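Handing you this structure, nothing more for now.
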Amino acid sequence: MTNDLLATPLQYLKGVGPRRAADLERAGLLTVEDLLYRFPIRYEDRSRLQPIATLKPAQTASIAVRILSCHLRSTRRPGFKIFEALVADESGSLRVTWLNQPFLRDVFTGGQHVVLYGPVEMRGGGGLQLTNPQYEILEEEEGAQTIHTGRIVPVYEKTGSVTPKIQRKIVFEALQRLPADLPDHLPDAIRLRLDLPSREAALRAAHFPPADAPLDALNRFATPAQQRLIFEEAFLFQLGIMARRRTASAERKPVRIAVDDRIRE
């Protein structure tokens, strides 16, 4: 069953489909296993939620807020529209704008609880605003486990139509189906002697690190989970070299040609 999961073509994962699968294939990603071994290019700490009252210009912040109102407005520039929302928490209110993203009128409604992450700027008319933030809508019935905000977030390289946010969601979906008893490439004796985490635990932590993971170590690929995956790659590479040497030494050698004086003449 595990091997079936890892060998599953990506188009059958929730949120992928044929078009995104084709884009992923151009990056060499065909199966769930390929996807899980394409690691983030960096990590961002979006776990520290700030009250609106503490925000300052030129910082990047995460806030948990309720939408009070929202609307789409036109500009003097033909075809260019701005989606605006007024949001609030217990400490105050804030204007949020998304430039030329009219589809958001079908995403947001008044009363929603959302987590936003983005740059804080000073508005032309005074006051602060959040501009083009990433967002996640919190479902009321959930304990609201977010994957795009409110945590240390993995950032992936964009691949065609597959944005970092879309890949984050696809990877999260794949990890939800990953069994705890995932077969390990490393022999137990080696893994335990080097105090390395299991393959399953390493894959989870490399994509969605725990809250206490040091950001600097993550971005240097130096956490225990990441080091285990680096070691695994080197280990499998070395095994491949040994296997080729054994195959070569076992092959029957062709007839040895002896070059003597008669042949030279």
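The values are calculated or read from the model by the stated rules, or taken from the named source; none is laboratory data. In this text, all values refer to a predicted model and were calculated from it rather than measured experimentally. Methodologically, a virtual Cβ is constructed for each residue, glycine included, from the backbone with ideal geometry; neighbour enumeration extends over all protein chains shown.
Check every one of the helices (runs of 4 or more DSSP H) wholly within segment 143-225 and list those with 2 or more residues that are touching a strand residue (DSSP E or B) at 6+ places or on another chain (Cβ under 8 Å) and aliphatic (A, V, I, L, M). It would help to see each step written out before you state the result.
Working: elements: 164-176, 188-193, 199-207, 215-219.
Correct list: 164-176, 215-219.
Going by the structure shown, is D216 of a type in the set (D, E, K, R), more than 18 Å from D34 (Cα to Cα) and modelled with pLDDT of 90 or more?
Values: of a type in the set (D, E, K, R): yes; more than 18 Å from D34 (Cα to Cα): yes; modelled with pLDDT of 90 or more: yes.
Yes.
I'd like to verify a number: residues in segment 1-36 that are without any contact (Cβ under 8 Å) to a residue 40 or more places away in the chain and either within 14 Å of the chain's Cα centre (by Cα) or at positive phi (or both), how many?
3
Please count how many residues of segment 46-70 are free of Cβ contacts under 8 Å to residues at least 60 places away in the same chain and either outside any strand (DSSP E or B) or over 16 Å from P133 (Cα atoms) (or both). Before you say what the answer is, go through the steps one by one.
Of segment 46-70, the ones free of Cβ contacts under 8 Å to residues at least 60 places away in the same chain are 48, 50-54, 65-70.
Subset that is either outside any strand (DSSP E or B) or over 16 Å from P133 (Cα atoms) (or both): 48, 50-54, 68-69.
Total satisfying the criteria: 8.
Taking V16, is it out of contact with any strand residue (DSSP E or B) (no Cβ under 7 Å at 6 or more places or on another chain), modelled with pLDDT under 95 and surrounded by 14 or more Cβ atoms within 10 Å (Cβ to Cβ)? Please lay out each step first, then the result.
On the way: out of contact with any strand residue (DSSP E or B) (no Cβ under 7 Å at 6 or more places or on another chain): yes; modelled with pLDDT under 95: yes; surrounded by 14 or more Cβ atoms within 10 Å (Cβ to Cβ): yes.
Answer is yes for this residue.
Quick test of your reading of the structure: V87 fulfils all but one of (1) within 25 Å of the chain's Cα centre (by Cα); (2) β-branched (V, I, T); (3) crowded, with 17+ Cβ neighbours inside 10 Å. Name the failing condition by number.
Result: V87 passes all but (1).
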